[in-house]
Amino acid sequence: MTVPLVNLESYDLLQMEMKAEHLDGLHALSASIGWPHRKSDWGVNLAAGNGIVAVDESGRVHGSAMYFTLGGDVSAVGMVIAHPRLKLEGLATCLMANIVERTEDRPAFLNACNDSVPFYRSLGALVTGPVFQHQGIVGPISASKTRTRPAEATNLPQIFDCDADAHGVDRSALLLELWRVSETMVIERRGRIRGFAMRRQFGRGHLIGPIIAEKEVDAVALVEAFLTGLPGSFVRVDTRVEYGLFRQYLEKSGLLPVMNVVTMTLGRLPSRGSNAVFGLSSHSTG
């Protein structure tokens, strides 16, 4: 399905369903604005969600937007990009209008760069808090006293429950896609999964997330389990946690804070349980 774009003077563009054939163009688009996503990172997003692209008559991609349907009629919105030449001509507004229509006004959240906050405010989104991006080259790692182990496929139902408790929504479909491209570590006590983390290749190196745990020492242990095998590697962690033990550990390990974005919501999201989200799966999926 294609929908003509309006009010764009420079180009005659069409919106259409995002497909695998657009991945090269999407990668070129995100690289043009300095985003680190590789073509394969776009592929993971496409496997986990849905998107639209704005293309010209030759098939070149000039804009994108994605949404990820979660349980409880909640959506995550991300990968909203308008080519800088077209940003002021209303391309991002057209793309977001399409996304809002597709998500049928369900509650949604997104993570926005600071310069995009006024745009999302104009759509009715509210700021709920910051996201701190930590990244860098992994340095010396001190061993944690908390035991972790690699996850097994039989642990997936408990991993899904653990994540749902932390987020207030069922994200099992998203987690299943991440499971296929990630290594996963868990903390188990008395036969129950009490925390987990995933690590996958992303951007310039590796991304650790999501990271779900009952307490900070557990979150540190999960990250440490991955960092021990990655000395000298580039690693990224995105967290909403205010400064404390967890973020101190990230900095001590060489993952320094480089920038902040903010989480914004459209509508009311479900309440969360006792587990905490120490690391995001990505800016796009939360």
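Some points to look at:
- Matching residues in the range 170-208 - criterion: being small (G, A, S) and not in a strand (DSSP E or B): S172, A173, S182, G191, G203
- In the range 244-252 there is at least one residue matching the filter, namely being farther than 22 Å from N275 by Cα and either out of contact with any Asp or Glu (no Cβ under 9 Å at 6 or more places or on another chain) or surrounded by fewer than 18 Cβ atoms within 10 Å (Cβ to Cβ) (or both).
- Subset of the range 214-229 that is acidic (D, E) and touching a helix residue (DSSP H, G or I) at 6+ places or on another chain (Cβ under 8 Å) - its residue that is nearest to M198 (Cα to Cα): E224
- Residues satisfying the criterion are absent from the range 256-269 (criterion: in contact (Cβ under 8 Å) with a residue 12 or more places away in the chain, under 18 Å from A197 (Cβ atoms) and either in contact with a Leu (Cβ under 7 Å, 6 or more places away or on another chain) or surrounded by 14 or more Cβ atoms within 10 Å (Cβ to Cβ) (or both)).
- Residues of the range 143-155 that are at pLDDT 95 or above and either surrounded by fewer than 17 Cβ atoms within 10 Å (Cβ to Cβ) or closer than 28 Å to S253 by Cα (or both): T148, R149, P150, A151, E152, A153, T154.
- Enumeration of residues in the range 50-68 that are out of contact with any helix residue (DSSP H, G or I) (no Cβ under 8 Å at 6 or more places or on another chain) and in contact (Cβ under 8 Å) with a residue 40 or more places away in the chain: D56, E57
- Residues that are crowded, with 22+ Cβ neighbours inside 10 Å and among the aromatic types (F, W, Y) were ranked within the range 18-74; the one that is farthest from R106 (Cα to Cα) is W42.
- Cross-chain or 6+ apart pairs with Cβ under 6 Å, the range 35-49 first and over 14 Å from G25 (Cβ atoms), then among the aromatic types (F, W, Y) and surrounded by fewer than 23 Cβ atoms within 10 Å (Cβ to Cβ): D41/F202
- Taken over the range 168-198, the criterion of being closer than 18 Å to V241 by Cβ, buried (at least 22 other Cβ atoms within 10 Å of the Cβ) and of a type outside the set (G, A, S) is satisfied by I187, F196, M198.
- Qualifying strands (runs of 3 or more DSSP E) (wholly inside the range 216-286; at least 1 residues being closer than 27 Å to M79 by Cα, at pLDDT below 95 and under 19 Å from the mean Cα position of the chain (by Cα)): 256-266, 276-279
- Helices (runs of 4 or more DSSP H) completely within the range 48-136 that count 2 or more residues being among the β-branched types (V, I, T): 91-102
- Residues of the range 121-177 that are over 20 Å from M264 (Cα atoms) and among the small types (G, A, S): G136, G139, S142, A143, S144, A151, A153, S172, A173.
- The condition of being out of contact with any Ser or Thr (no Cβ under 7 Å at 6 or more places or on another chain) and either at pLDDT 90 or above or not hydroxyl-bearing (S, T, Y) (or both) holds for only one of V138, V131, V117, that being V117.
The values are calculated or read from the model by the stated rules, or taken from the named source; none is laboratory data. Keep in mind the model is a prediction, meaning the values are calculated, not measured. Every residue, glycine as well, gets a Cβ built from its backbone with ideal geometry; the counts of neighbours run over all protein chains shown.
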